[in-house]
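The values are calculated or read from the model by the stated rules, or taken from the named source; none is laboratory data. What you see is a predicted model, and the numbers here were worked out from it, not measured in a lab. Neighbour counts run over all protein chains shown; Cβ positions are idealised from the backbone, glycine included. Protein only, heavy atoms only, side chains kept; ligands, DNA and RNA dropped before computing areas. Shrake-Rupley method; radii C 1.70, N 1.55, O 1.52, S 1.80 Å.
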Amino acid sequence: MDTLELSVDHPLRSFRLSLELQLGRETLALVGPSGAGKSSVLRAIAGLLRLERGKIALGAATWFDSVAGVDLPPERRSVGLVFQEYALFPHLDVRRNVAFGGRERVDELLERFQIAHLAGARPGELSGGERQRVALARALARDPAVLLLDEPLSALDAHTRGVVRGELAELLAELRLPTLLVTHDFEDAAALAERVGVIVDGSILQLGGAAELLAAPADGFVASFTGANLLHGTARPGADGLTEVLLDAGGSAFSTDRAEGRVGLAVYPWEVGLARTEPVDSAVNHLRGEVSSLVMLGNRVRVRVGPLTAEVTAASAERLALAEGEPVVASFKATATRLVPIG
Amino acid sequence: MSRVFPVLLGAALLVAVAFLALPVIAIFLRVPPGDLLAQLGEERSREALLISLKTSLIAHAVILLVGTPAAYLLANRSFRGRRLVVSLLELPLVLPPAVAGLGLFAAFGRSGLLGGELSALGLELPFTQAAVVLAICFVASPFYLRSALTAFESIDPSLPAAARTLGAGPVRVFARVALPLALGGLGAGSTLAFARGLGEFGATIMFAGSLPGRTQTAPLAIYAAFDDDFDVALALGALLVVVSAALLLAVKLVPSWTRSSSASTTLFAPSASR
Amino acid sequence: MIRLAALAAMLALAACGGNDDQELVVFAASSLSGVAGKLDPGAEVALGGSKDLAAQIRDGAEAGVFLSASAKPLKELRAKGLVTTPAVFASNRLVIIVPAKNAAQVNHIVDLTRAGVKLVLGAEGVPIGDYARESLELAGLGAALDNVVSLEEDVKGVVSKVALGEADAGIVYATDVAAARDDVLSYPISDYFQPQIRYYAAIVSPGSAAAERYVDKLLGPEGRAALRAAGFIPVS
């Protein structure tokens, strides 16, 4: 079985891209803010970007080695790259697009992706979801050894996204190809990949399963990236073995984590409860404020109270008769907090 | 004011159309169609038209064969001095044709820069049909090169990149992706260049001279006929317009998919669901 | 007393003659470039091939005087009544010019028939062209026409092609050599092979006093001196 080995050291506009990865028959997602260098990694693997220093090899086949002077052009690397905007050839119909990479498997792929009925259509006539499927089929027509997906869901509207995400997860599980996917959305990454790497300013801050990142974010960046609320403050030992964090925004909160000095206090929205009155429990942090915004997401509601975002069920929100401007108390357990390094 | 504005726009358009169409219409009003056909029977006119077509077509083939890859390279590589190269390629556009003629002499004439080398090869260019072809190439190629450059530059770069990740080498990328996508712009530039070449006068008369049956193209023949037989000049002019228009039409009727493909080559591969 | 009054009246009349107030425009054959302007410094001189200039006058160009290098360009104008009866005023001689380097080694009219010699002449209907062809006929050297590589609409075109060194030889007026002195050599053509060159001056209708004055001057001693100085042969 071939493992993709990647080591990169390359200057980008305002920072250096520097990381190492090994990828087996799994899907690894690189998440991070835009401009973090994620797409550059994909382009480097595909051969569209020449690294200043590094090595890219699939098993015994070396695709790039700055020391040995090896740099295979993209057409000689067995990759399938799905571009963010799909890059379908506008002058060719679907069948010819898919066949561009290889003619043997076209019919099979058209069937598998359920686009056989679109074989004669031009990319301009297709919907976003359809285009994505064509792009995938096309990339796979070449029977690549490595699959690279650049923001596969960003070009889709919210509704299609959910559907496609599910389909894509199934597909990746079926293919069992070393797959590297890049996204700025942690939820997409969590749904599609076995391992997630958070990349910021060219370096990987943390690499692990999605659950791991949520349970133990390595620092403030990772925490806020995975969707946590991040409150900055200064920590010192407090009563009952808890750590007290004096929040920059005012007041203090308690955490079961140990830390001292400047910290970020991370708590996930679904760990934040809402009520009309304060709970009576010293191990629970609370914050009084006004509802500044309410967003319905299916049968969940995202409520913003002061610096915190809480996620509660629609039923709870109704019961509390939440509305903008209403006073409410947001609370979260000391055990639900993580103290992470910041700055 | 808002009522007047559309009227003013319409008036401007009317003036433009009238001004541009009038001289052409006037030619045809003065020449009875019978005369046009009779002119075709005149040896001098026939010769002139044939020389014009022959040299223009040869020159055009050269322009396309050399210009297309050149423009492609220029569009895809950035190198030091690129802007200078582009300016040089556009230079003939701003050069008065007579100066172009002088330049051609200075470069390819007997006592020119390459004169010695050419003579050694047994090639003497001035006053030959080859000289006419050269003159046409010189003045017409910038029109093609500019359009071709723009056409290749406006291809969404992710498309050739995608092609390469799909296993296409540089040749296949050029032939299967870049060329089809740029075809609209290439066609437009080609038409312009051909028309310019067909009407070329100044550089030709200087560098190739004017000899009926050998180097006297249609525009040169019109110039020669202008003084003693205005009607001949007129008829020949009308014939030239007809030929040019026919060619223009032929180019425009190239299957519309070439133009629709370049129209859909907007900045990104289509993603309507944004 | 009466004589004074008459003189005053004549001067007054002369002063308010219609066309006199406008500047005189002289259309002159290119070969006359050294002379045309000298006779009336205030006049505007347009030089060109006689055939070309005649066509412009036919099309309505505003010219006062037309100086043509031969009779042919005037024929049509006369037929249409556009010019008054032309008067001969000068003659010229033909010479052979070759580039200064004379790589083709042409120095006699016979050399013009040699294979490979690149000869440039004036086009049909252009005076210098017609004269050159006449000269070659007179010499029995019609074969030289096979060596023609270009027919120019203007004698200056012939001169420039030879001066650039691209043509091996050309036949031009003797008066044209001076201007290209550094770039060309000239060889004479025998009297026997000289055509009868005649320069004509015609007033373009309707005439003007300025035009008549110009032509009178041209035909008079001042004109003859200027022509001689430029290398022409005054004729009356």
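Structure data summary
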{"read-out": "Partner chain coverage, peptide A:74-83 - average Cβ within 10 angstrom", "value": "5"}
{"read-out": "Estimated dipole of chain B in Debye, rounded to 20 [Cβ of Lys and Arg +1, of Asp and Glu -1, Cα centre]", "value": "1400 debye"}
{"read-out": "Solvent exposure ordering (accessible area, 1.4 Å, most first) of B:Val232, A:Val301", "value": "B:Val232, A:Val301"}
{"read-out": "Sites A:Ala249 and A:Arg76, calculated FRET efficiency, Cβ-Cβ separation with R0 56 Å, nearest 0.05", "value": "0.50"}
{"read-out": "Computed [θ] at 222 nm, deg cm²/dmol, chain C (DSSP H ≥ 4; -39,500 (n - 2.57); rounded to nearest 500)", "value": "-9000 deg cm²/dmol"}
{"read-out": "The stretch A:6-157, dipole about Cα centre (Lys/Arg Cβ +1, Asp/Glu Cβ -1), debye to the nearest 20", "value": "260 debye"}
{"read-out": "Per-pair calculated FRET efficiency, R0 = 60 Å: C:Glu23 and B:Arg172 via Cβ, rounded to 0.05", "value": "0.30"}
{"read-out": "Karplus 3J(HN,Hα) series, Hz, for the stretch C:206-218 with 6.51 cos²θ - 1.76 cosθ + 1.60 (x for Gly, Pro)", "value": "x, x, 9, 4, 4, 5, 5, 5, 4, 5, 4, 5, 4"}
{"read-out": "Neighbouring partner chain Cβ atoms per residue of C:124-132, average, 10 Å criterion", "value": "1"}
{"read-out": "Exposure rank, largest accessible area first [A:Ser34, A:Ser78, B:Ser87; 1.4 Å]", "value": "A:Ser34, B:Ser87, A:Ser78"}
{"read-out": "Rounded, prolate or oblate (a/c below 1.5 giving rounded, otherwise prolate when a/b exceeds b/c) for the protein assembly as shown by Cα gyration tensor", "value": "prolate"}
{"read-out": "Most mobile of B:Pro32, B:Pro97, B:Pro180 in a GNM of chain B (Cα contacts under 10 Å)", "value": "B:Pro32"}
{"read-out": "Using a Förster distance of 41 Å, the FRET efficiency for B:Ala245-C:Lys101 (Cβ separation, nearest 0.05)", "value": "0.30"}
{"read-out": "Accessible area buried, both sides summed, chains B and A with 1.4 Å probe, Å²", "value": "2400 Å²"}
{"read-out": "Portion, in percent, of the accessible area of the protein assembly as shown that falls on carbon or sulfur, probe 1.4 Å", "value": "59 percent"}
{"read-out": "Per-residue HN-Hα couplings for the stretch B:143-157 [Karplus 6.51, -1.76, 1.60; θ = phi - 60°; Hz; x = Gly/Pro]", "value": "4, 6, 4, 4, 5, 5, 4, 4, 4, 5, 5, 8, 6, 3, x"}
{"read-out": "Interface residues in the stretch B:198-238 - accessible area drops by 20 Å² or more relative to the isolated chain, probe 1.4 Å", "value": "B:Ile205, B:Met206, B:Ser210, B:Leu211, B:Arg214, B:Tyr223, B:Ala224, B:Phe226, B:Asp227, B:Asp228, B:Phe230"}
{"read-out": "Computed [θ] at 222 nm, deg cm²/dmol, chain A (DSSP H ≥ 4; -39,500 (n - 2.57); rounded to nearest 500)", "value": "-6500 deg cm²/dmol"}
{"read-out": "Heavy atoms of C:Glu137: accessible area, 1.4 Å probe, square angstrom to 10", "value": "120 Å²"}
{"read-out": "Solvent-accessible surface (1.4 angstrom probe) belonging to A:Thr234, in square angstrom, nearest 10", "value": "60 Å²"}
{"read-out": "Relative contact order (percent, whole number), the stretch A:26-78, Cα cutoff 8 Å, 6+ residue spacing", "value": "24 percent"}
{"read-out": "Mean ellipticity per residue at 222 nm, deg cm²/dmol - from DSSP H runs of n ≥ 4 across chain B, formula -39500 (n - 2.57)", "value": "-24000 deg cm²/dmol"}
{"read-out": "With all protein chains modelled, accessible area of B:Val24 [1.4 Å, Å²]", "value": "60 Å²"}
{"read-out": "Ranking by accessible area, most exposed first, for B:Phe5, B:Phe79, B:Phe108, A:Phe332 with a 1.4 Å probe", "value": "B:Phe5, B:Phe79, B:Phe108, A:Phe332"}
{"read-out": "For chain A, alpha-carbon Rg relative to the globular expectation (2.2 N^0.38 Å, N residues)", "value": "1.16"}
{"read-out": "Test item: C:145-152 mean partner chain Cβ contacts at 10 Å", "value": "5"}
{"read-out": "Accessible surface, the stretch C:164-236, averaged per residue in Å² (probe 1.4 Å)", "value": "48 Å²"}
{"read-out": "Whole-angstrom gap from the stretch B:92-154 to the stretch B:27-72, using each part's C-alpha centre", "value": "19 Å"}
{"read-out": "Chains B and C, summed buried accessible surface - 1.4 Å probe, Å², nearest 100", "value": "1900 Å²"}
{"read-out": "Karplus-derived 3J(HN,Hα), 6.51/-1.76/1.60, for each residue of the stretch C:114-124, Hz, glycine and proline x", "value": "5, 4, x, 6, 8, 10, 10, 10, x, 6, 5"}
{"read-out": "Most mobile of C:Asp111, C:Asp168, C:Asp176 in a GNM of chain C (Cα contacts under 10 Å)", "value": "C:Asp111"}
{"read-out": "Accessible area per residue in Å² at 1.4 Å probe, computed on chain A", "value": "44 Å²"}
{"read-out": "Which of A:Ser78, A:Ala99, A:Ala119, positive extreme of dipole for the stretch A:62-146 (C-beta unit charges)", "value": "A:Ala119"}
{"read-out": "Gaussian network model of chain B, Cα within-10 Å springs - most flexible of B:Leu249, B:Leu104, B:Leu22", "value": "B:Leu22"}
